[in-house]
Amino acid sequence: MSYHWPGNVRELQNIIERAVLIADGDKLQPEHLPEGIKIAHSFVTESLDRTLSIEDYTKEFISVYQSRFNEQQLADMLGITRKSLWEKRKRWGMSRK
């Protein structure tokens with residue numbers, strides 16, 4: 001429920017249908033989902049296990065997801081503008097990989 005879905009409804013429907021087909025039991029488990037979704041869940045779970053400032057969390061979030069999402073998608077997920085994202089990267093010495 002907390003995963004930010006970057007695609008459209010049909011893509012989500014395809015992922016769910018695929019998971020239902022490969023699931024053995026009555027419940028869908030993380031192992032039935034594509035790797036990208038499992039990685040996102042892992043990041044959130046690991047981040048919650050540590051004490052991070054909002055700035056540290058944001059920095060880690062950007063470094064983990066910048067290879068998978070474009071600038072606008074990253075900014076939207078963080079609830080900031082693209083300019084703010086650019087300024088944060090500049091301040092932290094992070095380059096777009």
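The values are calculated or read from the model by the stated rules, or taken from the named source; none is laboratory data. Keep in mind it's a predicted model, so treat the numbers as computed, not measured. Every residue, glycine among them, receives a Cβ derived from its backbone with ideal geometry; neighbour counts consider all protein chains shown.
Give me a count of the residues in the range 70-91 that are under 14 Å from Y57 (Cβ atoms) and of a type in the set (D, E, K, R).
Total satisfying the criteria: 1.
Pairs needed: first member in the range 75-97, closer than 13 Å to E55 by Cα; second member anywhere, surrounded by 13 or more Cβ atoms within 10 Å (Cβ to Cβ) and aromatic (F, W, Y); C-beta distance under 8 Å; at least 6 residues apart or different chains.
L78/F61
Any residue at all in the range 34-51 that's over 29 Å from W92 (Cα atoms) and modelled with pLDDT under 75?
yes
Taking the conditions exactly as written (in contact with a helix residue (DSSP H, G or I) (Cβ under 8 Å, 6 or more places away or on another chain), hydrophobic (A, V, I, L, M, F, W, C) and modelled with pLDDT under 85), does A19 satisfy them or not?
yes
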